[in-house]
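Q: Mind having a look at this structure? Questions to follow.
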Amino acid sequence: MQYKSQAVATPYFIAAIGLFVGQIIFGLIMGLQYVIGDFLFPMIPFNVARMVHTNLLIVWLLFGFMGAAYYMIPEESETELFSPKLALAMFWIFLVAGALTIVGYLAVPYATLAELTGNDLLETMGREFLEQPLITKVGIVIVALAFLFNISMTVLKGRKTSISLVMLLGLWGLAVFFLFSFYNPTNLVLDKFFWWWTVHLWVEGVWELILGAMLAFVLIKVTGVDREVIEKWLYVIITLTLVTGIIGTGHHYFWIGTPEYWQWWGSVFSALEPIPFFAMTVFAFNMVNRRRREHPNKAATLWALGTGVMAFLGAGVWGFLHTLAPVNYYTHGTQITAAHGHMAFYGAYVMVNLTMISYAMPILRGRAANSNKSQVLEMWSFWLMTISIVFITLFLTAAGILQVWLQRVSETPLSFMATQDKISLFYWMREWTGVVFLIGLILYIASFFVKGEDKAAA
Amino acid sequence: MSGAFTKSMARNIFFGGTVFFFLLFLALSFDSTATLPKRDNRANLTPAVANGKKIWETRNCIGCHTLLGEGAYFAPELGNVYPRRGGDFIKAWIKGQPSGAPGRRQMPQFNLTEQQLDDLVAFLKYTSEINTANWPPNIEG
């Protein structure tokens, strides 16, 4: 570790992994409820489990991004963090606020939670992914601003690199577009229109800047390739991302009451969205092939390469699969969407966080890389989780195709529930694959505790 | 990439491209919001609809159902449930939950008043009259 203050990243990474475990457990509960409908009812109804599953995902990814920023920015800026104390205080505030929110979801009915937390002052709850109570949303803004202040001040007083700049742009964008979560008009079409300004412009916009910066940082470290080359690639990738992704928002404006020209704008631009992900894959492999050093952390390199490939498959290929308006007319809101969501989030944002954690954690623990034994176990977890998510995606895609066929294309369409009964085999296979994913995750955590000979101190 | 293409060129293209396409997106969004009154059924946004939307949100209906295709995929699409089932059926259905049928997916009992049920139905009726470019493909949603 080059700067003492980078150590504040450690609790962020640990919290991220802890919440990740919670996310997967609730995912398994939901998966079982798909086939055993009354499982855990009425203790944990499906909607509660889903809220916990998706909110934990968002929160742990944010923990990962913040931890990554605290690790990267001092090293990039060649100076200590502006205020490590502020960073630690924000860690505890965010963790406690997040935990209380999840407890709130589980302990009281959602309508009661809304009443208790001031939803009547400003109605923002009850919209997908933005279910958090008003006070949690305000808390997120406060933590984000304190975090951004801390990071920005560090960059301002130190060396200014392109990686820092892109990371900052992504993180500031994240905070700015979250503000649309406070806008919830009665007009449902306007509500949905601007809801996407948070949701789409996060995951298919500014988050990709964060992803690119994190990947570029790790690739510089593990390959030793010249910074000029890597940062040039980074700019090219994020140019492609935003040029396609901003107007690509239009692929959500096909069927929600918005003007029909979006079917053209959305289809054409979002059809190009796989290109930046393809570039990212080529980038990662190219840099590793042109490496100038043999970094002892093989596991981190594997995660970095995996991020490129899986983000391209999940976000790129599976996104393209249903993004053209004439196709989306049939697939909109089916298991096809769920299939895409799972592989895209895993491939892009889960994997880039695990890449960063894999690279940084050994250094934070005082060594350049973990022992061979530990790395071998980590690589097993890589393959188990990655192959599981591929199969989860394939099973959900199969379920989705059948669902579209039986419920939407057929001359004699079946009802929603009748269709669900017919495709339950695929839900069972998805659930068992989910169990394998959990095993992979347990091995991943176990790899942190495997001893053996450390690689030279960092 | 060859040496002729420098990092600062890449950075300039990034800023130029991003600003251009973001402005284009703003222009399209501005045009959309100007066109919406013709499509979004705002003439029928009554106080009952507003109350119904609040019921919809504070019971986290989107956690199981889709509405105009967005939400969770655990339970049926409700953007067109009004023409599919009618108001009386919707009210009776909500009142009758959970079914308690073993192994079947269960919907919670929300203990809504008659007024709240009427408001929710008003919201679902308003939603079904939004011009969605003929989506979903058929009445089953």
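Q: Go through segment B:102-122 and report how many residues are more than 8 Å from chain A (Cβ to nearest Cβ) and either out of contact with any helix residue (DSSP H, G or I) (no Cβ under 9 Å at 6 or more places or on another chain) or in a helix (DSSP H, G or I) (or both).
A: Qualifying residue count for the region: 11.
Q: Also, quick follow-up: Quick check on my filter: what residues within segment B:45-65 are assigned to a helix (DSSP H, G or I) and more than 13 Å from residue A:124 (Cα to Cα)?
A: Scanning segment B:45-65 gives B:47, B:48, B:49, B:50, B:51, B:52, B:61, B:62, B:63.
Q: Something else about it: Which one of the conditions (1) in contact with a helix residue (DSSP H, G or I) (Cβ under 8 Å, 6 or more places away or on another chain); (2) within 11 Å of chain A (Cβ to nearest Cβ) does residue B:47 fail to meet, given that it meets all the rest?
A: Here residue B:47 meets the rest and fails (1).
Q: If you scan segment A:107-132, which residues turn out to be more than 9 Å from chain B (Cβ to nearest Cβ) and within 21 Å of the chain's Cα centre (by Cα)?
A: Correct list: A:129, A:130, A:132.
Q: Only one of (1) within 14 Å of chain B (Cβ to nearest Cβ); (2) under 25 Å from residue A:279 (Cβ atoms) fails for residue A:334. Which number is that?
A: Going through the list (1) within 14 Å of chain B (Cβ to nearest Cβ); (2) under 25 Å from residue A:279 (Cβ atoms), residue A:334 breaks only (2).
Q: Is it the case, given these coordinates, that residue A:353 is buried (at least 21 other Cβ atoms within 10 Å of the Cβ), polar (S, T, N, Q) and under 27 Å from residue A:215 (Cα atoms)?
A: Judged against the criteria, residue A:353 is a match.
Q: If you don't mind, there's one more thing I want to ask. Going by what's in this entry, would residue A:374 be described as over 30 Å from residue A:330 (Cβ atoms), in contact with a Leu (Cβ under 6 Å, 6 or more places away or on another chain) and part of a helix (DSSP H, G or I)?
A: Taking the combined requirement at face value, the residue does not satisfy it.
Q: Next up: Within segment A:39-51, track down each residue that is of a type in the set (A, V, I, L, M) and either out of contact with any helix residue (DSSP H, G or I) (no Cβ under 7 Å at 6 or more places or on another chain) or crowded, with 23+ Cβ neighbours inside 10 Å (or both).
A: If the condition is that a residue be of a type in the set (A, V, I, L, M) and either out of contact with any helix residue (DSSP H, G or I) (no Cβ under 7 Å at 6 or more places or on another chain) or crowded, with 23+ Cβ neighbours inside 10 Å (or both), then A:43, A:48, A:49, A:51 are the ones that fit.
Q: Name every residue in segment A:229-273 that is over 26 Å from residue A:194 (Cβ atoms) and either surrounded by fewer than 23 Cβ atoms within 10 Å (Cβ to Cβ) or among the hydrophobic types (A, V, I, L, M, F, W, C) (or both), in order of residue number.
A: Hits for segment A:229-273 are A:229, A:230, A:231, A:232, A:233, A:234, A:236, A:237.
Residues checked against (1) surrounded by 20 or more Cβ atoms within 10 Å (Cβ to Cβ); (2) of a type in the set (D, E, K, R):
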position	(1), (2)
A:407	yes, no
A:419	yes, no
A:426	yes, no
A:431	yes, yes
A:444	yes, no
A:449	no, no
A:453	no, yes
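Q: Kindly indicate whether any position in segment B:45-58 is at pLDDT 95 or above, in contact with a Pro (Cβ under 8 Å, 6 or more places away or on another chain) and surrounded by fewer than 22 Cβ atoms within 10 Å (Cβ to Cβ).
A: No, the conditions are met nowhere in segment B:45-58.
The values are calculated or read from the model by the stated rules, or taken from the named source; none is laboratory data. All figures in this text were calculated on a predicted structure; none of them were measured in a lab. All Cβ positions, glycine included, derive from the backbone under ideal geometry; neighbour counts span all protein chains shown.
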